[in-house]
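Chemist: Could you have a look at this structure, given as structure tokens, before my questions?
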Amino acid sequence: MNIWYKMVIPARLGAFRVLCLFAVFEAVCLLDTGMLFPRESSSREVKELNGRWDFRADKSPNRNQGFEKAWYKSRLAETGPVIDMPVPASYNDITQDATLRDFIGWVWYEREVVVPARWIADEGTRVVLRVGSAHYYSVVWMNGVKVTEHNGGHLPFEAEIGSLIRKDPTQPCRITIAVNNTLTLDTLPPGNIQHMDDRTQYPDGYFVQNTYFDFFNYAGIHRSVLLYTTPKAYVDDITVVTDFLDNTGLVYYKVSVQGAATATMKATLMDQNARCVASSSGPSGVLKVVDVNLWWPYLMHENPAYLYSMEVRLMATDGRSTYEDVYTLPVGIRTVNVTSTQFLINNKPFYFHGVNKHEDSDIRGKGFDWPLIVKDFNLLKWLGANSFRTSHYPYAEEILQMCDRHGIVVIDECPGVGIADSRSFGNSSLAHHLAVMDELVHRDKNHASVVMWSVANEPATEMPPADFYFKTLITHTKVLDPTRPVTFATRTDYASDRGAPYVDVICVNSYFSWYYDPGHLEVIPIQLKTQFENWYGKYQKPIIQSEYGADAVAGLHSDPPVMFSEEYQKAVLQSYHNVLDQKRKQYVIGELIWNFADFMTVQGIFRVLGNKKGIFTRERQPKAAAFILKERYWRLANEQNRLGLNTSAHSDTRQLVHAFQDSLDPM
Ligand code: BDP
């Protein structure tokens, strides 16, 4: 309880707040290299390398032929047969080949790129190759020379390739990326490879990948591959922390520069009309915004998700040349605080009424897809959802940018899902988990929408090493970012509470009347009440119901409700809601349905073509439960903001939005 964001510091203690925030900077800046999202500017260009790539899975028995025969040294098509593969996309569902769908091991991608001549000619230009994410382990070569490797899916990695391109500008620029989806006890998520040695039952060399999480282990290059440029002296990283005192917004910033020993810098904050509202020079400082427009969540304010633009302009000289670099960062000004019963955004109680999602859709698997993303945001807003958890791994940066733009609040989760084997609590697993949290915080620290970090989902906390593991992990995350609370999602029915003493908010997943007492809807009220009272009684920390739900196969009906029918899913939700309505007046601060949409899983006797707990189908059509939730979320939004609307009289969303906007007091 001794970290500053837990304190609701009264405005009159302004100087104290400022001191605390500067202390925050020092901590945040333990991170030493930047991972700014590539943006075009007057000094930076971006070239997307998405589209058709050559592809070859290494189906050799040890999956190692590609390395033994150095496939990266020549064109991939010269090493053997290649097929077309779209990037970004998971490769699993692209072909009719079942062995590729379930492939485990190295796959190889390759394409040639035309690099603009001026990028090559201008020695003062850095050329960076960036992969938004690839699952799971990647090695990257340019014209046969290794430029980087990266351990882990869901997060970006990059390499400077300018000098290589310049070595022989007449050569085409051939990029080769090998990606291996094997999960081991030390990966995140963990998994293990099981070799089946009984030759009477399995063919020679037979092995399977076991995982302990409930989504398909889609693989391949999942997010955009880009080339981008910066000048030789460049803005490497920016950290912003925001606050406000009365009507004045405060943007504390720190910029780190690479490629120049000395540089001058100017930070300018612009409002949505491109008017300069504050500026400052120097690598760190504070921008003061008079009559600030705070960043508010969707449905919490008539003008939610207000974003300023912070332009950082760097001038540097190395004696011979002068460099100017410009990077513009969207900035939402808001605060986050946690008390023993509330989650406060801008000092007002915020109730999470939202969803858990997956990056998942047909054909593309976990591949980035703008139409899907925009459709999902339209559905979230239709539903009246104000938040989601990035279950169970970091989502694409473009999704977080959409959250910033639309006021959707995010619990940002790392891929610590399915930590179920005691060996995954060892030192090497922990070291990797800490590194992944570094990368995640580094990538997402400046998003106004991100209000909390989740370090894991349903780890086996009953195992004794979990205590040291989570204490270390959570403490480390708080050092990386002391401005946001930290949590992990625990499962009510089998979790011991190891790890819980260190979190700021208790997140509980439970499936009463589903995995336990299946078919017995009548147990929900008592079991849910007991769940909340036990956790709160022990820890006096606010609680989020971070998962609940039931499978429903769209179109299956039964009255009275039976499991897997749309009616049963509705009934589960309604029973949960009755208890949530009592407890949200005390210390329950949110409810996130499992799941936004149906999603693919590994094959097994518990799943019929995937998990069907979506309130939307995988094709994004609503099941009956979606309408229950929509009614509820709009009602909660109105209630929370004291709007006094009669939701049944306003069942049409458009009317509701207007009525909602009309009845809001200007803040
Ligand atoms: C929860 C897990 C989630 C699963 C869900 C389910 O956190 O990943 O998909 O159960 O079984 O415990 O539907």
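The values are calculated or read from the model by the stated rules, or taken from the named source; none is laboratory data. Every value quoted in this text rests on a predicted model; they were computed, and no experiment measured them. Neighbour counts run over all protein chains shown; Cβ positions are idealised from the backbone, glycine included. For accessibility, only protein heavy atoms count, side chains too; no ligands or nucleic acids. Shrake-Rupley method; radii C 1.70, N 1.55, O 1.52, S 1.80 Å.
Chemist: Evaluate the following for Gly418: is it within 16 Å of the ligand (Cβ to nearest atom), farther than 26 Å from Val131 by Cα and more than 14 Å from the chain's Cα centre (by Cα)?
Modeler: On the way: within 16 Å of the ligand (Cβ to nearest atom): yes; farther than 26 Å from Val131 by Cα: no; more than 14 Å from the chain's Cα centre (by Cα): yes.
For Gly418, the condition - within 16 Å of the ligand (Cβ to nearest atom), farther than 26 Å from Val131 by Cα and more than 14 Å from the chain's Cα centre (by Cα) - is not met.
Chemist: To continue, here is another question. Within segment 142-170, can you find the residues that are touching a His at 6+ places or on another chain (Cβ under 8 Å) and open to solvent by 50 Å² or more (accessible area, probe 1.4 Å)? Lay out the reasoning, then the answer.
Modeler: Keep residues of segment 142-170 that are touching a His at 6+ places or on another chain (Cβ under 8 Å), which gives 151-154, 157.
Passing the criteria: only Asn151.
Chemist: Just to check your reading of the model, which residue among Thr200, Thr242 is open to solvent by 10 Å² or more (accessible area, probe 1.4 Å), more than 30 Å from Ile333 (Cβ to Cβ) and either more than 16 Å from the ligand (Cβ to nearest atom) or more than 24 Å from the chain's Cα centre (by Cα) (or both)?
Modeler: Values: Thr242 fails: more than 30 Å from Ile333 (Cβ to Cβ).
Step by step, each of Thr200, Thr242 is checked, and only Thr200 is open to solvent by 10 Å² or more (accessible area, probe 1.4 Å), more than 30 Å from Ile333 (Cβ to Cβ) and either more than 16 Å from the ligand (Cβ to nearest atom) or more than 24 Å from the chain's Cα centre (by Cα) (or both).
Chemist: Just checking, which of Met300, Met310 is closer than 30 Å to Tyr393 by Cα and either assigned to a loop (DSSP other than H, G, I, E, B) or small (Gly, Ala, Ser) (or both)? Walk me through how you get there before you give the answer.
Modeler: Numbers: Met310 fails: either assigned to a loop (DSSP other than H, G, I, E, B) or small (Gly, Ala, Ser) (or both).
Exactly one residue qualifies, and that residue is Met300.
Chemist: Still on this structure, I have one more. So, in segment 590-601, of the ones that are hydrophobic (A, V, I, L, M, F, W, C) and part of a loop (DSSP other than H, G, I, E, B), which residue ends up farthest from Lys570 (Cα to Cα)? Show your work before the answer.
Modeler: Step one: of segment 590-601, the residues hydrophobic (A, V, I, L, M, F, W, C) are 592-594, 596-597, 599-600.
Narrowing the set further to residues that are part of a loop (DSSP other than H, G, I, E, B) leaves 594, 596, 600.
On the way: Trp594: 13, Phe596: 14, Met600: 22 Å.
Selected residue: Met600.
Chemist: For segment 374-408, what are the residues that are in contact with a helix residue (DSSP H, G or I) (Cβ under 6 Å, 6 or more places away or on another chain) and within 16 Å of the ligand (Cβ to nearest atom)?
Modeler: The answer is Pro394, and nothing else.
Chemist: Follow-up question, since we're still on this one. Among the residues in segment 70-93, are any of a type in the set (Asp, Glu), within 30 Å of Arg126 (Cβ to Cβ) and either open to solvent by less than 40 Å² (accessible area, probe 1.4 Å) or touching a helix residue (DSSP H, G or I) at 6+ places or on another chain (Cβ under 9 Å) (or both)?
Modeler: no
Chemist: Take segment 267-283 and flag every residue that is assigned to a strand (DSSP E or B) and either among the basic types (Lys, Arg) or open to solvent by less than 60 Å² (accessible area, probe 1.4 Å) (or both).
Modeler: Kept after step one, since they are assigned to a strand (DSSP E or B), are these residues of segment 267-283: 267-270, 276-281.
Within segment 267-283, Ala267, Thr268, Leu269, Met270, Val277, Ala278, Ser280 meet the criteria.
Chemist: At pLDDT 95 or above and surrounded by 16 or more Cβ atoms within 10 Å (Cβ to Cβ): does that describe Val208?
Modeler: Working: at pLDDT 95 or above: yes; surrounded by 16 or more Cβ atoms within 10 Å (Cβ to Cβ): no.
For Val208, the condition - at pLDDT 95 or above and surrounded by 16 or more Cβ atoms within 10 Å (Cβ to Cβ) - is not met.
Chemist: Let me ask something else. Starting from segment 183-208, keep only residues that are at negative phi, then list their pairs with residues that are of a type in the set (Gly, Ala, Ser) and surrounded by 10 or more Cβ atoms within 10 Å (Cβ to Cβ) whose Cβ atoms are within a distance under 6 Å, requiring at least 6 positions of separation or different chains.
Modeler: Listed pairs, sorted by first residue: Leu183/Gly191; Leu185/Ser424; Asp186/Ser428; Asp186/Ser429; Leu188/Gly416; Pro189/Gly418; Pro190/Ser424.
Chemist: Checking the structure you have, find out if any residue of segment 356-364 is within 16 Å of the ligand (Cβ to nearest atom) and among the basic types (Lys, Arg).
Modeler: First, the residues of segment 356-364 that are within 16 Å of the ligand (Cβ to nearest atom): 356-360.
The next check asks that each one be among the basic types (Lys, Arg); those that pass are 357.
Checking segment 356-364: at least one residue is within 16 Å of the ligand (Cβ to nearest atom) and among the basic types (Lys, Arg).
Chemist: Turning to a different aspect of this structure: For segment 421-459, give me each residue that is among the aromatic types (Phe, Trp, Tyr) and within 16 Å of the chain's Cα centre (by Cα). Please lay out each step first, then the result.
Modeler: From segment 421-459, those among the aromatic types (Phe, Trp, Tyr) are 425, 453; that's our starting set.
Passing the criteria: only Trp453.
Chemist: Restricting segment 536-570 to residues that are among the aromatic types (Phe, Trp, Tyr) and touching a Ser or Thr at 6+ places or on another chain (Cβ under 8 Å), which is nearest to Lys583 (Cα to Cα)?
Modeler: Here is the first cut: in segment 536-570, the residues among the aromatic types (Phe, Trp, Tyr) are 536, 539, 548, 564, 568.
Pick out the ones that are also touching a Ser or Thr at 6+ places or on another chain (Cβ under 8 Å) and you get 548, 568.
Numbers: Tyr548: 15, Tyr568: 23 Å.
Restricting to residues being among the aromatic types (Phe, Trp, Tyr) and touching a Ser or Thr at 6+ places or on another chain (Cβ under 8 Å), the top hit is Tyr548.
Chemist: Something else: Looking at segment 177-197, which of its residues are of a type in the set (A, V, I, L, M, F, W, C), buried (at least 18 other Cβ atoms within 10 Å of the Cβ) and touching a Phe, Trp or Tyr at 6+ places or on another chain (Cβ under 6 Å)?
Modeler: Passing the criteria: Ile177, Ala178.
Chemist: Taking the options Ala649, Ala637, name whichever one is at pLDDT 95 or above and in a helix (DSSP H, G or I). Reasoning before the result, please.
Modeler: Details: Ala649 fails: at pLDDT 95 or above.
Ala637 is the lone residue from the list that is at pLDDT 95 or above and in a helix (DSSP H, G or I).
Chemist: Hey, another quick one. Under 9 Å by Cβ, and 6 or more places apart or on different chains, what pairs join a residue from segment 602-626 that is within 19 Å of Ala571 (Cα to Cα) and part of a loop (DSSP other than H, G, I, E, B) with one that is more than 13 Å from the ligand (Cβ to nearest atom) and hydroxyl-bearing (Ser, Thr, Tyr)?
Modeler: Lys623/Thr617
Chemist: Output the residues belonging to segment 350-409 that are among the aromatic types (Phe, Trp, Tyr) and either in contact with a Cys (Cβ under 6 Å, 6 or more places away or on another chain) or within 20 Å of Glu439 (Cα to Cα) (or both).
Modeler: Residues of segment 350-409 that are among the aromatic types (Phe, Trp, Tyr), as a first pass: 350-352, 368, 370, 377, 382, 388, 393, 395.
Once the filter is applied, which keeps residues that are among the aromatic types (Phe, Trp, Tyr) and either in contact with a Cys (Cβ under 6 Å, 6 or more places away or on another chain) or within 20 Å of Glu439 (Cα to Cα) (or both), segment 350-409 yields Phe368, Tyr393, Tyr395.
Chemist: Given (1) open to solvent by less than 30 Å² (accessible area, probe 1.4 Å); (2) charged (D, E, K, R); (3) in contact with a Cys (Cβ under 9 Å, 6 or more places away or on another chain), identify the lone condition not met by Glu110.
Modeler: Glu110 satisfies every listed condition except (3).
Chemist: Report those strands (runs of 3 or more DSSP E) wholly inside segment 350-469 carrying at least 3 residues which are open to solvent by 10 Å² or more (accessible area, probe 1.4 Å) and touching a strand residue (DSSP E or B) at 6+ places or on another chain (Cβ under 7 Å). Talk me through it step by step, then tell me what you get.
Modeler: Details: elements: 352-356, 387-389, 409-413, 450-457.
Hits in segment 350-469: none.
Chemist: Only one of these conditions is not met by Pro61: (1) open to solvent by 40 Å² or more (accessible area, probe 1.4 Å); (2) at pLDDT 95 or above. Which number is it?
Modeler: Condition not satisfied by Pro61: (2).
Chemist: Output the number of the condition that Thr492 fails; it satisfies all remaining conditions of (1) crowded, with 24+ Cβ neighbours inside 10 Å; (2) modelled with pLDDT under 95; (3) among the β-branched types (Val, Ile, Thr).
Modeler: (1)
Chemist: For segment 83-124, enumerate the residues that are free of Cβ contacts under 8 Å to residues at least 40 places away in the same chain, within 19 Å of Gly153 (Cα to Cα) and part of a loop (DSSP other than H, G, I, E, B).
Modeler: The one that is free of Cβ contacts under 8 Å to residues at least 40 places away in the same chain, within 19 Å of Gly153 (Cα to Cα) and part of a loop (DSSP other than H, G, I, E, B): Asp102.
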